[in-house]
There are 4 protein chains.
Amino acid sequence: MDIIVTRPSATAKEIRHIVKKLEKMGFTAHISKGTERTIIGVIGDTSKITEDETGAFQVMPGVEKIHRILKPFKLASRDFKSRDTHIRIGKHTIGGKRIHVFAGPCAIESRSVLVKIAEDVKKAGATFIRGGAFKPRTSPYSFQGLREEGLKILAEARKKTGLPVVTEIMDPRDIDAVLKYADIVQIGARNMQNFRLLQEVGSHNKPVFLKRGLSATIKELLMAAEYIMAQGNSKVILCERGIRTFETATRNTLDLNAIPVLKNLTHLPVVVDPSHGAGKWDLVAPMSKAAIAAGADGLMIEVHSKPEEAMSDGEQSLKPAKFKTLMKELKAVAKAVGREM
Amino acid sequence: MDIIVTRPSATAKEIRHIVKKLEKMGFTAHISKGTERTIIGVIGDTSKITEDETGAFQVMPGVEKIHRILKPFKLASRDFKSRDTHIRIGKHTIGGKRIHVFAGPCAIESRSVLVKIAEDVKKAGATFIRGGAFKPRTSPYSFQGLREEGLKILAEARKKTGLPVVTEIMDPRDIDAVLKYADIVQIGARNMQNFRLLQEVGSHNKPVFLKRGLSATIKELLMAAEYIMAQGNSKVILCERGIRTFETATRNTLDLNAIPVLKNLTHLPVVVDPSHGAGKWDLVAPMSKAAIAAGADGLMIEVHSKPEEAMSDGEQSLKPAKFKTLMKELKAVAKAVGREM
Amino acid sequence: MDIIVTRPSATAKEIRHIVKKLEKMGFTAHISKGTERTIIGVIGDTSKITEDETGAFQVMPGVEKIHRILKPFKLASRDFKSRDTHIRIGKHTIGGKRIHVFAGPCAIESRSVLVKIAEDVKKAGATFIRGGAFKPRTSPYSFQGLREEGLKILAEARKKTGLPVVTEIMDPRDIDAVLKYADIVQIGARNMQNFRLLQEVGSHNKPVFLKRGLSATIKELLMAAEYIMAQGNSKVILCERGIRTFETATRNTLDLNAIPVLKNLTHLPVVVDPSHGAGKWDLVAPMSKAAIAAGADGLMIEVHSKPEEAMSDGEQSLKPAKFKTLMKELKAVAKAVGREM
Amino acid sequence: MDIIVTRPSATAKEIRHIVKKLEKMGFTAHISKGTERTIIGVIGDTSKITEDETGAFQVMPGVEKIHRILKPFKLASRDFKSRDTHIRIGKHTIGGKRIHVFAGPCAIESRSVLVKIAEDVKKAGATFIRGGAFKPRTSPYSFQGLREEGLKILAEARKKTGLPVVTEIMDPRDIDAVLKYADIVQIGARNMQNFRLLQEVGSHNKPVFLKRGLSATIKELLMAAEYIMAQGNSKVILCERGIRTFETATRNTLDLNAIPVLKNLTHLPVVVDPSHGAGKWDLVAPMSKAAIAAGADGLMIEVHSKPEEAMSDGEQSLKPAKFKTLMKELKAVAKAVGREM
């Protein structure tokens, strides 16, 4: 049910016009006359009313405001599916009691560097390898990734360690290559509203790791998940990775509030990326612990053996020794909130 | 020249290490010892230092902060080209004394509706037709555009009126179709950092209408232009269309400050879209006048004959009669600031 | 009329409980049952329902959301008073056809400097002098103003030029001193929600120049005006002076959208301060023209004879010669939009 | 040491002029000539250079940008005092290993309600009572607090429970009353830059609970602490309570990143208020755990026996039973990160 509030100046004729339009669309109008305004309740399955149709009502004479009652996302909502979604990848289940850590370098730089890092993070307890072959960089003059060569290196690291891999897709034209090598396909923050790319990954069966855009609301993140799910792929992992605010002391503002808010609204698993979120390696440990305490299902953490030689994001990467210490500390926090690692 | 500031605790060895790394890269280090910190000036062509290399310095022991002196964009900067860029399309020149208005509906809905609007806006003084065939919509359930069919209708409207057309591309796979029909290719706000799409339109010769992302800084907008220009296409028109802030009284906050700031930093033309920027039709007129008074080279305005039946963005569209009145008022403002319309 | 939307899980008993509470408060409940939710329309004078009472309904079992229909400000709203408020100060009327310019230095530094600037801005066409005696500074180590001594200097400048003066109050304990010397009392952006100070200036009869807080919504600005008006003083001049956003190219983001939005919502005059709003002197001219084109009733502009020696805000001050040129250009823009200067 | 970067167009004369001004102020200028720009290092105790003086340099001919090296706060910085500040109140120490919880209603409503809540929170493990006698409300028509009557009730609750009390001051004219009854004086978010009020509480010896403003940067929060400390009162407790962002799913965005960032920059204790920060009672538990996991020294939590009858902020208050459960869960998290409760 939706609500249309009329202006104090609305005439009886204008109200009749609105009611007629609603009835033509198959709805029943329920009219409440107040002292100043009339309120029209729209009865029927208003989830079918699109944003465009809402906008069209908005400009009708006599209309002051429209209040929508239903959420604009359906498949992603907990109203639609109340139990938590569990996504099975190899022997791991994301979204259950166990917390998963996706660790690795920002960009894949070479076979030897990646395999070494993969072995280190595995030993420390990570269950997935992360690493970018296609890199979205602010500058056209920055390193853009090894592309398909990088994907092959990633597959080798998986073979060596047994850890499944997550990697980003930036262009629908790369879908075949990425599907061939990745266990999870990542949609980066800057592409969260690249709707064609969402539709492309939605039309395959591979799990999708969907990062929240820098200035995307939680509702918009869920609408992006809905784009993927509307194509038939319901294996979506949501990732909070920092939003853009006025604060400049951190690269972004990691929004941990998003964890309990998402857990209320959706059944999809929620992972947090404190490396991008805070943007400095010394904030990664406290924010990782906080994310787990707030109820996250996993963490994505950048690890690099030599951050000072990293080709991308060295500032926010942990060295393997620091990562190992952090993993121990995280286990204690996970246990304190009834989770496993 | 860049500047590296050391921590008060930096040792002589750490500083030597930094200096050596700079010298290996071909730079000269110029050291100033203060009472507490040492400052290392980097002498040489530091424009070649990438963001990644900067990040790598940032994590070296002893480094507190790096101050970059040069702007990260080059081809787009006024330092590189001091005179305003004029972009010639048909008989029109964008970026010169004359102010251009790009008018039309948000989405192309049908041949008859588009041609009628195109004729109306031409009569009122618009010099370009706008209209979307591929529509980026927040919801997968909203109207997504008529696609290639829409492009053909757009071409017909051009034929009827003689006005060149601007339309959006969302997917690099649509490049041939869009190039075939459009006079200017638009990159929408949500795709401003879709770097592959930027590279695609950069590798052709067609003028590009580049909209600022909802939460993109002015520097990032110029970096996106740089992506296009780095591929060889320097015909880029920048468009301010509202940023996301905490204010909810308007759909977005149209940032007119961007006009003079951009005019200082770049030689590219700057257009303003008050329809998306403010998001309500009754704000379009005052914000259009303000944009011209602040120095904009053009305006993109949504016009629809029946906003209450529009398939997209009816709330922010002007009816042709209101658009006509506005065009008259704009002429007076343009004249007051020494421009023509 | 307000609207209470219930949860799909709300029981009949919960709904009866809500209805009873409404009836106890003197309202009539109008119930519409939809397929999933029940909507309760609250009929009666809901303008008397406070925020606190709304919050109390919000936590009642069965309640999902409350939509408020009426604006939370009354005296400041155009619904309450449809005609523009004209504030008469000396021979000037603020809020009418004539646009007024409040010019002068950020801080009052000395008698000779202020009188010279006052004479210069008068010659150029300014109608009010601005100047701070009490300065709100981010750092306790910055110049805090000449205090009462500054007020006396301001009064001297008025005597010399005949221009009325506006100056800021920061502390309710200074009210007598400020009332003695000022023609308009300014509430600075950082004190926009210093409610005790608002009540203090509201309980006198002197016009108040109320600056929008850096992160205040337009609604909150109007609520601050309401605080003043609720005490009996309706002579409030609103001032947009830039909001805090993610953009760092400008000190603040001057929000010109606020002008037409405020003009729709309130009858109070609206002035713009482009000096603080944009924070750089070379942005003052384009943003001043834009403000007038968008419908502002006045401008507050910082002018200083020697910005490089100013004790505060030198970066954003215009020199008298530049101010004089700007005033000429502004006259042309004012005329183009049907105003006078 | 500070750095002045010149424009490429700066003349030798302009540079000499800058150097002379520096030397007059007692500094030594250290000049590095790059290929395009000259960089002037300012050697000497630049911590004495005020913001105003920096601004004055900024507008000198030839100057492009000034980079400040030193932090603008001193007494509050960890550079000044490396060990954590411990604030002793009664038998409690804030800032040590033990985490403290400040619990109670938003506003003091009556003796019986407050005493009951105070007893409940004490039983659950809270160590301080919070409660407002002077309430900063957005609307002049909302409940403004019981004022001095409320302070007396607060003192009674302290007597009954033995728990020390924290309460807000809004007006310097109330200082005597507040000092008489409170153990800690709170500066609310809206008054964080009410500099006169900061100076007032700084000139007494009572501990100050300083809340971060809704749109205050971390640096500005520390500058506000510096205002208090510059008057001689170094007993300042910082409180993160949510910032204003574009996200509307939560009332504010509780910025937990601020905890580790503050812990790096300052020696002062850091408390988190998840009730105001997130604004909904069901977010309080996860965000409280997260705050402790991230390193907070304490929590301020709103508790009310009957939130649906609360006179203020009922939406975000926990009932005593929920608070008791939360306290147990918090102890487990505190232990996991090496703290006590």
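The values are calculated or read from the model by the stated rules, or taken from the named source; none is laboratory data. Since the structure is predicted, the reported quantities are computational estimates derived from the model, not experimental observations. With ideal geometry, Cβ positions are generated from the backbone for all residues, glycine too; neighbour counts draw on all protein chains shown. Heavy atoms of the whole protein, side chains included, go into the accessibility calculation; ligands, DNA and RNA do not. Shrake-Rupley method; radii C 1.70, N 1.55, O 1.52, S 1.80 Å.
Leaving out ligands, DNA and RNA but keeping every protein chain, what accessible area does residue C:47 have, in Å² rounded to the nearest 10, with a 1.4 Å probe?
Residue C:47 exposes around 40 Å² with every protein chain in place.
Amide H of residue B:266: which non-local residues (sequence gap of 5 or more, or other chain) have their own amide H closer than 5 Å, using H built in the peptide plane?
Amide H to amide H, under 5 Å and 5 or more residues apart or across chains, residue B:266 pairs with B:78.
Based solely on its DSSP helices, what 222 nm [θ] is calculated for chain D when runs of n ≥ 4 H residues each add -39,500 (n - 2.57) and the sum is averaged over all residues, nearest 500 deg cm²/dmol? Could you put the intermediate results ahead of the total?
Values: 11 runs with 120 residues, N = 341.
Per the formula, -10500 deg cm²/dmol.
Compute, for residue B:28, the solvent-accessible surface of its heavy atoms (probe 1.4 Å) with the complete set of protein chains present, and express it in square angstrom to the nearest 10.
That residue has around 80 Å² of solvent-accessible surface.
Interface A/C, total buried accessible area with a 1.4 Å probe, nearest 100 Å²?
1800 Å²
Could you tell me what percent of the accessible area of the protein assembly as shown is made up of carbon and sulfur, with a 1.4 Å probe and every protein chain present?
It is 50 percent, rounded to a whole number.
Please compute the per residue accessible area over chain A with all protein chains in place, 1.4 Å probe, rounded to a whole number of Å². Mind dumping the intermediate values first?
Numbers: 11990 Å² over 341 residues.
Heavy-atom SASA per residue in chain A reads 35 Å².
Give the average, rounded to an integer, of partner chain Cβ atoms located within 10 angstrom of each Cβ in D:291-303. Display every interim value, and only then the final one.
Details: counts 4, 5, 16, 12, 5, 2, 0, 0, 0, 0, 0, 0, 0.
The mean count of partner-chain Cβ atoms within 10 Å per residue comes to 3.
Can you give the average number of partner chain beta-carbon atoms within 10 Å of each beta-carbon in peptide A:66-75, as a whole number?
3
Go through segment A:238-246 residue by residue and turn each phi into a ³J(HN,Hα) via Karplus (6.51, -1.76, 1.60, θ = phi - 60°); whole Hz please, and just put x for glycine and proline.
3J(HN,Hα) across segment A:238-246, in whole Hz: 8, 9, 7, 9, x, 10, 8, 9, 6.
Got the residue D:162 label distances to the other copies yet, label 7 Å along Cα→Cβ, in nm, shortest first?
5.6, 7.6, 9.3
With a 10 Å cut-off between alpha carbons and a GNM built on chain A, which of A:192, A:300, A:25 moves the most?
Looking only at A:192, A:300, A:25, the largest GNM fluctuation is found for A:25.
What FRET efficiency would be calculated for the residue pair residue B:203, residue A:180, taking the C-beta separation as r and a Förster radius of 30 Å, to the nearest 0.05?
0.70
Given an 8 Å cut-off on Cα distances and at least 6 residues of separation, report the relative contact order of chain A as a percent.
15 percent
Give me a comma-separated list of calculated 3J(HN,Hα) values for segment B:46-57, in order, Karplus coefficients 6.51, -1.76, 1.60 applied at θ = phi - 60°, integers in Hz, x for any Gly or Pro.
6, 5, 7, 6, 7, 4, 5, 5, 4, x, 5, 5
Dipole size in debye (nearest 20) for segment A:1-63 around its Cα centre, Lys and Arg Cβ +1, Asp and Glu Cβ -1?
Working: 9 positive and 8 negative charges, 71 e Å.
About 340 debye.
Of A:54, D:253, which has the most accessible area and how do the rest follow, probe 1.4 Å?
A:54, D:253
Each label point is 7 Å from the Cα along the Cα-to-Cβ direction; what then is the distance between the points at residue A:335 and residue D:173, in nm?
My value for the distance between the label points is 5.9 nm.
Between segment C:292-310 and segment B:96-145, what's the alpha-carbon centroid distance in Å?
Segment C:292-310 and segment B:96-145 have Cα centres spaced 39 Å from each other.
Once R0 is set to 30 Å, what does the formula 1/(1 + (r/R0)^6) return for the Cβ-Cβ distance between residue A:45 and residue B:248, expressed as a FRET efficiency to the nearest 0.05?
0.60
If each of residue D:319 and residue A:78 carries a label point 7 Å out from its Cα toward its Cβ, how far apart are those two points in nm?
Reported label-point gap for residue D:319 and residue A:78 is 1.8 nm.
Which residue is it, in chain A, whose C-beta lies closest to the A-to-C rotation axis, and what is that distance in whole Å?
Nearest-to-axis residue on chain A, with distance in whole Å, is A:67, 2.
Assuming a ≥ b ≥ c are the square roots of the Cα gyration tensor eigenvalues, decide whether the protein assembly as shown counts as rounded (a/c under 1.5), prolate (otherwise, with a/b larger than b/c) or oblate.
Working: a/c = 1.04, a/b = 1.01, b/c = 1.02.
It comes out rounded by the Cα gyration axes.
To the nearest 10 Å², what's residue D:79's accessible area with a 1.4 Å probe?
We get 110 Å² for residue D:79.
Can you work out ³J(HN,Hα) from phi for every residue in segment C:140-148, in order, using Karplus 6.51 cos²θ - 1.76 cosθ + 1.60 and θ = phi - 60°, giving whole Hz and x for Gly and Pro?
My calculation for segment C:140-148 gives x, 8, 7, 4, 9, x, 7, 6, 4 Hz in order.
Every other copy gets compared here: list the nm distances from the residue B:81 label point (7 Å along Cα to Cβ) to its counterparts, shortest first, one decimal.
Distances to the matching label points in the other copies: 5.1, 5.4, 5.8 nm.
What average number of partner chain Cβ atoms lie no more than 10 Å from the Cβ of the residues making up B:259-267?
Neighbouring Cβ atoms belonging to other protein chains average 3 per residue here.
For chain B, compute Rh as the Kirkwood radius over C-alpha pairs and then the Stokes-Einstein diffusion coefficient at 37 °C and 0.692 mPa s; write the answer in µm²/s, rounded to an integer.
152 µm²/s
Springs between alpha-carbon pairs under 10 angstrom, Gaussian network model over chain D: which of D:188, D:55, D:132 fluctuates most?
Judging by the Gaussian network model, the answer is D:55.
For residue D:249, list long-range residues whose amide hydrogen, built 1.01 Å from N in the peptide plane, is under 5 Å from its own amide hydrogen.
A:218
As an exercise, use a Förster radius of 45 Å and the Cβ-Cβ distance of residue B:98 and residue C:93 to find the FRET efficiency, rounded to the nearest 0.05.
Efficiency computed from Cβ-Cβ geometry: 0.70.
Residue C:300's amide H: which non-local residues (gap 5+, or another chain) put their own amide H closer than 5 Å, with H modeled 1.01 Å from N in plane and none for Pro or chain starts?
Those lying under 5 Å, H to H, from residue C:300 are C:102, C:272, C:273.
Under a plain spin-label model, where a point goes 7 Å from the Cα along Cα-to-Cβ, how far apart in nm are residue D:11 and residue D:148?
6.8 nm
Relative to the other copies, what are the label-point distances for residue B:9, with labels 7 Å from Cα along the C-beta vector, expressed in nm at one decimal and sorted shortest first?
Inter-copy label distances (nm, one decimal, shortest first): 4.5, 5.1, 6.7.
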